[in-house]
Amino acid sequence: MLHQSSLPDRRTAAAAGGVLLLAALGINAPAHAASYGTPTIGLSVSYLSGAVGASGDPVVTVTVAQSGADAAELGVAASASSKPSVAKAGDVTVTGTGGTRKLTVAAHGRGYTDLTVKVTGLGGKTATKTLHYAASAAVQNAADTRYLTGSSDASAAVDVGGGYVVVADDESNTLRLYDRSTSGGPVRSWDVGSELGVSKEVDIEGAARAGDTIYWTGSLGNNKDGEYKSPRNTVFTTTVTGSGAATQLTVGGSYKKLRDDLVAWDKANGNRLGFAAGTADGEAPKQIDGFNIEGLEFAPGSKTTAYLGFRAPLVPPKSGGKALIVPVTNFDKVAGSGAKAVMGAPIELDLGGLSIRDLRKNAADQYLIVAGSWAADDNSDPYALYTWDGVASHAPVKRADLPTADPGGWEAVVDVPDLTVPGARAQLITDAGSADLYGDGTEAKDLDHAEWKKSRATWFTVGG
């Protein structure tokens, strides 16, 4: 039997057929509502350090997406702050369009805050990520200051061209490559400990470059408790290939008896410098008659004779004593192939009662000396910058007092410009390991997250 369909049914069928016919003829049919997925958001880092009043603070990369939507249609902004006195949501700036954005934070106060970063997609759907942010206090010379994050105990630095620098840390055996112009983490790093056959810190304190070879030295002193630790008695080399961001380092030779050679040499010359006493069991290295090396640079016109700059002892070891340099005339062979060290006549420099914290020269044999206290608790003790020509009989010239009100002790010179050019600038780096950067009583070296550890790099005018 044939069944007659109802009028509504016939109308529905006719309408459906009409839609199919329109589609077949290429005529637009009525659109259905789009279906959007939940958006996603990612941050290039979870922990970030900034500074009040800073220039060139680190940038966070934010990646966003949403299925069914063009990434350009997604909104990204900070929506909350756990401590607005450090940084409010409105202090977060997000720039760019599409799937990748850039985020920066302008801090108002010292401390910590968790910033909620929110992506708002189509269809009213959202997602969030938390950025754990720490801000250090404002510093002098803020416009000329950058922060090298990832470690706080910068101890030696060598320019590798293209605006990049390799920085050593005296609390680890890791060498880090940084962009000198911006704040942020290392581009790459090299842990050299295993290749040197050591598991504890070498206590790297000095570095010098000759051609494609960088020479590094440990402090050679006892640890702070007066105990001998053999890894600290290490000098070694790295070979540089490439430059700038493409720099690569390869560990070369090493030698682990330079301290022994220095003590034996001093004994043979009447113990005039007190090296045996300064290295005795129980003797802390950072005292006026201690034993601690912090500077390394080659003599004028030489790639074989290196100057070892001593933080301690002063000569004589009393207030107003002179800073000590001991030349090692075959340093290329000592560090490169393990030859026994040969010492030249010691050099005594009048640095106003301060000792050597770093020593660096340029191709014209113009030297900069960072002078500071021999004491261990010296982040606020006097620091000064001296120029010198590297000639033993010539006196250094004081160029400037370095600021000491901010956390961290001045520890390294990256490179030396032509000091005869007015306005020429040099970049200096601090060791901030013992500094309380964020006001919670925690020393920087003990912070839980490497991204919150940092050293300060500042440009100073030295030329003219």
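The values are calculated or read from the model by the stated rules, or taken from the named source; none is laboratory data. Quick caveat, the model's predicted, so the values are computed rather than measured. Cβ atoms come from the backbone with ideal geometry, glycine included; neighbour counts cover every protein chain shown.
Taking the numbered list (1) more than 22 Å from D144 (Cβ to Cβ); (2) surrounded by 20 or more Cβ atoms within 10 Å (Cβ to Cβ); (3) touching an Asp or Glu at 6+ places or on another chain (Cβ under 7 Å) in turn, T430 passes all entries but (1).
Quick check, is K224 surrounded by fewer than 18 Cβ atoms within 10 Å (Cβ to Cβ), under 25 Å from the mean Cα position of the chain (by Cα) and of a type in the set (D, E, K, R)? Considered against the rule, which asks whether it is surrounded by fewer than 18 Cβ atoms within 10 Å (Cβ to Cβ), under 25 Å from the mean Cα position of the chain (by Cα) and of a type in the set (D, E, K, R), K224 comes out as yes. If you check T461, T387, T442 for being without any contact (Cβ under 8 Å) to a residue 24 or more places away in the chain and either within 15 Å of the chain's Cα centre (by Cα) or surrounded by 14 or more Cβ atoms within 10 Å (Cβ to Cβ) (or both), only one passes: T442. Please work out which one of (1) within 28 Å of the chain's Cα centre (by Cα); (2) in a loop (DSSP other than H, G, I, E, B); (3) closer than 27 Å to I288 by Cα is the condition D358 fails and give its number. With respect to (1) within 28 Å of the chain's Cα centre (by Cα); (2) in a loop (DSSP other than H, G, I, E, B); (3) closer than 27 Å to I288 by Cα, D358 is out only on (2). Residues of region 78-104 being surrounded by 16 or more Cβ atoms within 10 Å (Cβ to Cβ), hydroxyl-bearing (S, T, Y) and in contact with a Leu (Cβ under 8 Å, 6 or more places away or on another chain), which ones? Result: S81, single match. Among the residues of region 400-410, none is identified as buried (at least 20 other Cβ atoms within 10 Å of the Cβ) and more than 23 Å from V52 (Cβ to Cβ). One residue alone among V166, V192 is modelled with pLDDT of 95 or more and in contact with a Lys or Arg (Cβ under 8 Å, 6 or more places away or on another chain), and that residue is V166.
Look at T420 and say whether it is loosely packed, with under 14 Cβ neighbours inside 10 Å, more than 19 Å from the chain's Cα centre (by Cα) and of a type in the set (V, I, T). Yes.
Scanning region 252-268 for residues that are of a type in the set (D, E) and in contact (Cβ under 8 Å) with a residue 60 or more places away in the chain yields a single hit, D261.
Checked against (1) of a type outside the set (G, A, S); (2) in a strand (DSSP E or B); (3) within 28 Å of V64 (Cα to Cα), H108 passes all but a single condition, namely (2).
Does region 290-301 contain any residue that is aromatic (F, W, Y), buried (at least 16 other Cβ atoms within 10 Å of the Cβ) and in contact (Cβ under 8 Å) with a residue 60 or more places away in the chain? Yes, region 290-301 contains a residue that is aromatic (F, W, Y), buried (at least 16 other Cβ atoms within 10 Å of the Cβ) and in contact (Cβ under 8 Å) with a residue 60 or more places away in the chain.
Of the residues making up region 160-206, those that are of a type in the set (K, R) and surrounded by fewer than 17 Cβ atoms within 10 Å (Cβ to Cβ) number 2. Filter region 232-269 down to residues that are more than 22 Å from the chain's Cα centre (by Cα) and among the hydrophobic types (A, V, I, L, M, F, W, C) and give me whichever is surrounded by the fewest Cβ atoms within 10 Å (Cβ to Cβ). Only one residue fits best here, namely A268. Restricting A268, A280, A276 to residues that are among the small types (G, A, S), in contact with a helix residue (DSSP H, G or I) (Cβ under 6 Å, 6 or more places away or on another chain) and over 19 Å from G206 (Cα atoms) narrows the list to A276.
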